[in-house]
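See below for the structure under consideration.
The values are calculated or read from the model by the stated rules, or taken from the named source; none is laboratory data. These numbers were taken from a predicted model, which means no experiment stands behind them. Note that we place each Cβ from the backbone using ideal geometry, even for glycine, and neighbour counts take in every protein chain shown. Ligands, DNA and RNA are excluded from the accessible area calculation, which covers all protein heavy atoms including side chains. Shrake-Rupley method; radii C 1.70, N 1.55, O 1.52, S 1.80 Å.
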Amino acid sequence: QVQLVESGGGLVQPGGSLRLSCESSGDIFSLYNLGWYRQAPGKQRELVAVIISGGSTNYADSVKGRFTISRDNAKNTVHLQMNSLKPEDTAVYYCNSYRGLHTYWGQGTQVTVSS
């Protein structure tokens with residue numbers, strides 16, 4: 001069983017930055033692929049960024065060039081650096097960890113971009 005705990009959300013003005021973190025416990029972190037998803041009110045959950053166990057990354061078109069996903073296997077942590085934030089980035093952000101048939105979710109952290 002894997003437990004995921006997100007942190008780092010909050011209120012930020014347009015153009016600002018936030019760094020989300022997700023700490024994992026319960027299994028061999030380095031073997032898992034990791035992702036950040038988000039869900040805005042009234043919308044479906046969508047993939048924001050993913051980093052596989054080997055380190056390759058992929059991003060949604062809407063965040064390319066603004067967001068960066070990274071992982072620290074020594075600290076069992078995945079980060080999402082978010083720059084040049086826009087009001088449309090407002091959502092609950094969820095950390096995801098998956099390997100084979102096993103997938104796990106964090107509880108989510110709210111990000112609000114507003115002036």
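Would you confirm whether or not the stretch 89-97 contains a residue that is over 14 Å from Gly35 (Cβ atoms) and outside any strand (DSSP E or B)?
Looking only at the stretch 89-97, we keep the residues that are over 14 Å from Gly35 (Cβ atoms), and these are 89-92.
Checking which are outside any strand (DSSP E or B) leaves us with 89-90.
Within the stretch 89-97, one or more residues are over 14 Å from Gly35 (Cβ atoms) and outside any strand (DSSP E or B).
Select from the stretch 49-83 the residues that are assigned to a loop (DSSP other than H, G, I, E, B) and of a type in the set (Val, Ile, Thr) and write down the one among them that is modelled with the lowest pLDDT. Working first, answer last.
To start, the set of residues in the stretch 49-83 that are assigned to a loop (DSSP other than H, G, I, E, B) comprises 52-56, 60-66, 73-76, 83.
Still in the list and also of a type in the set (Val, Ile, Thr): 52, 63.
Working: Ile52: 94, Val63: 98.
The residue in question is Ile52.
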request  = Can you give me the number of residues within the stretch 1-48 that are over 21 Å from Arg66 (Cα atoms) and either part of a loop (DSSP other than H, G, I, E, B) or open to solvent by less than 20 Å² (accessible area, probe 1.4 Å) (or both)?
outcome  = 13
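Which of the following residues is buried (at least 18 other Cβ atoms within 10 Å of the Cβ), out of contact with any Pro (no Cβ under 7 Å at 6 or more places or on another chain) and not aliphatic (A, V, I, L, M): Asn58, Asn76, Asn83?
Numbers: Asn58 fails: buried (at least 18 other Cβ atoms within 10 Å of the Cβ); Asn83 fails: buried (at least 18 other Cβ atoms within 10 Å of the Cβ).
Checking each option against the conditions leaves just Asn76.
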request  = Only residues in the stretch 63-81 that are touching a residue at least 12 places away in the same chain (Cβ under 8 Å) count as the first member; pair them with residues that are among the small types (Gly, Ala, Ser), Cβ under 6 angstrom, at least 6 apart or cross-chain, and list the lot.
outcome  = Arg66/Ser84; Phe67/Ala49; Ile69/Ala49; Asn73/Ser30; Asn76/Ser24; Thr77/Ser21; His79/Ser21; His79/Ser70
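Conditions (1) open to solvent by 40 Å² or more (accessible area, probe 1.4 Å); (2) within 16 Å of Gly16 (Cβ to Cβ); (3) hydrophobic (A, V, I, L, M, F, W, C), marked per residue:
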site	(1), (2), (3)
Val63	no, yes, yes
Pro87	yes, yes, no
Tyr93	no, yes, no
Tyr98	yes, no, no
Thr112	yes, yes, no
